[in-house]
Amino acid sequence: MHDSERLDLPSASEAYARRRCLGRTALIRQLRNAGKLQPPPESDDAKSGTQVHQAWASGNDNGLSSSQRNTLDSLIRIEKLVVANWAGGEPYSLLSREDRLWLHKGLEPIHSGRYDVAYVSLNRKRMLIIDGKTLYGQVEAADTNDQLRELVALCRHNFPGIEEFTVAIVQPNVPGGISIAAYDALESELALRLLRQHLEDIKDPYHQRNPGPYCKFCPAALQCPQMRGTIYTVADTIKGIQAGDFDLPLGPRGALLLARIKLAKPLLDLFESAYKAALEEDPGAVPNWRLREGKNVRRISDIKTAWQVAHVRGMELDAFLESVELSVGKLEAAYGQIAQAKGKALTQKFNQAFEPVIERQQYAPELEETK
């Protein structure tokens, strides 16, 4: 498996994982050279995010679902707000969208990174770099974000005349999902020098590999001995507890085991996805296992037409409404057109207007690690 876009080289998009697992790059290179690199299948969320980013860059939203269009509309709106705030009334121009920048050592490329969109002031002294995150999870803030720091380093290398780089993370599906930071000329030069030093450091083939939540995105995850060791440790411990060999560990040992369980869960999903892909390609790949046909679920998305069909056949409106489940999110979005509000202001107005009919369901507590 080769990454022709990145020339099989480190990139800014993997900065968070690479800087926490220094042995990652060497393992990926080793497996790639041996022809054994088998990246995990792309998740549906990742595919959806890619489609939204492509539409954001091209301006063509054909083929997007309604939820994807909502995300795209929010991205465009937030981009305009961020750009206006950054410009401060001064003239500027769009530099480019979806552009990959390269870092070289002499003539040899050694690293790259792609920003979503960048703007530059007309005097070519200030640059704005925007990175859109379309999923629902929180990410590092802009001032501590490894990916954005490496993008600043790349921009410093490619645009040495720029004196100030502003970076912004925009998350349309996360409340308050805007984070902004600025790098002056000295800070951006330091980021560039530290990146070069880091790229030399990770050439060491003996660096330790440290399993973490980022493993689920690693192309070497399925073949990483340290990651497999984490799964085996959890499995052996749980077997011992089930067999009555020892009690459920509490205290510091319990915290360690729980952290490993939280880490192993998404990695087990990777293995299951890989086995599904293997069985799809070769039904005899795994004895005693097969791909069962997925469930065929009936769904009606056109409520208006469904009511017309039901009404023609004698159904009363009250009976029809009792069978329809209302989407609070979609109703809130539609109400936003009337209330002329968005974001938190819309949610507040919606809750006030529909409070008499809103029912709240409290879910069971979820485990969360405290720092």
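Where a number appears in this text, it was derived from the coordinates with a stated rule and is not lab data. Every value quoted in this text rests on a predicted model; they were computed, and no experiment measured them. All Cβ positions, glycine included, derive from the backbone under ideal geometry; neighbour counts span all protein chains shown.
Modelled spin labels at Gln308 and Leu94, positioned 7 Å past Cα toward Cβ, are 3.8 nm from each other. Estimated at 0.36 nm per residue, the fully extended path between Ala235 and Tyr335 surpasses their Cα-Cα distance by 31.1 nm. Once you order the gyration tensor axes a ≥ b ≥ c over the Cα atoms, which shape class does the range 273-371 get: rounded for a/c under 1.5, otherwise prolate or oblate by comparing a/b with b/c? The shape class here is oblate. Cross-link reach is defined here as a Cα-Cα straight distance under 17 Å, omitting same-chain residues fewer than 8 places apart; for Lys304 the aspartates and glutamates meeting it are Glu316, Asp318, Glu322, Glu325. Under 5 Å from the amide H of Leu95 lie the amide H atoms of Ala118, Tyr119, Val120, each residue being 5 or more positions distant or on a separate chain, with H modelled from the backbone and absent for Pro and chain starts.
Projecting the Cα atoms of Pro287, Val357, Ser327 onto the charge dipole of the chain (Cβ charges, centred on the Cα centre) puts Pro287 farthest toward the positive pole. Take the alpha-carbon centre of the range 226-294, take the same for the range 299-371, and report the distance between them in whole Å. If we compute the Cα centre of each part, the gap is 38 Å.
With R₀ fixed at 25 Å, the C-beta to C-beta distance from Ala277 to Ser4 puts the FRET efficiency at about 0.75. As a rough guide to protection, the peptides 294-303, 165-174, 88-97, 42-51 ranked by mean Cβ packing within 10 Å, highest first, stand as 165-174, 42-51, 88-97, 294-303. By the gyration tensor of its Cα atoms, with a ≥ b ≥ c the square roots of the eigenvalues, what is the shape of the chain: rounded for a/c under 1.5, prolate for a/b over b/c, or oblate? The shape class here is oblate. Normalised by 2.2 N^0.38 Å, with N the number of residues, the alpha-carbon radius of gyration of the range 1-109 equals 1.40. One way to sum up the overall shape of the range 148-254 is the equivalent ellipsoid from its Cα gyration tensor, whose semi-axes run 42, 20, 12 Å, largest first.
Working from label points 7 Å from Cα in the Cα-to-Cβ sense, the Lys265 to Ile178 distance is 3.3 nm. Estimated from the Cβ-Cβ distance and a Förster radius of 56 angstrom, the FRET efficiency linking Leu81 and Asn288 is about 0.50. In a reduced charge model with +1 at each Lys and Arg Cβ and -1 at each Asp and Glu Cβ, the chain shows a dipole moment near 480 debye about its Cα centre. Between beta-carbons, use under 11 Å as the cut-off and find the net charge around Asp269, counting Lys and Arg +1, Asp and Glu -1. After counting each charged neighbour, the total is +2. Highest mean packing comes first when the peptides 126-136, 178-188 are listed by Cβ atoms within 10 Å, giving 126-136, 178-188. Starting from the Cα of Arg69, step 7 Å along the direction of its Cβ; do the same at Ser43; then give the gap between the two resulting points in nm. So the label points at Arg69 and Ser43 sit 2.6 nm apart. From its DSSP helices (H runs of at least four residues, each -39,500 (n - 2.57)), the chain gives a residue-normalised ellipticity at 222 nm of -15000 deg cm²/dmol.
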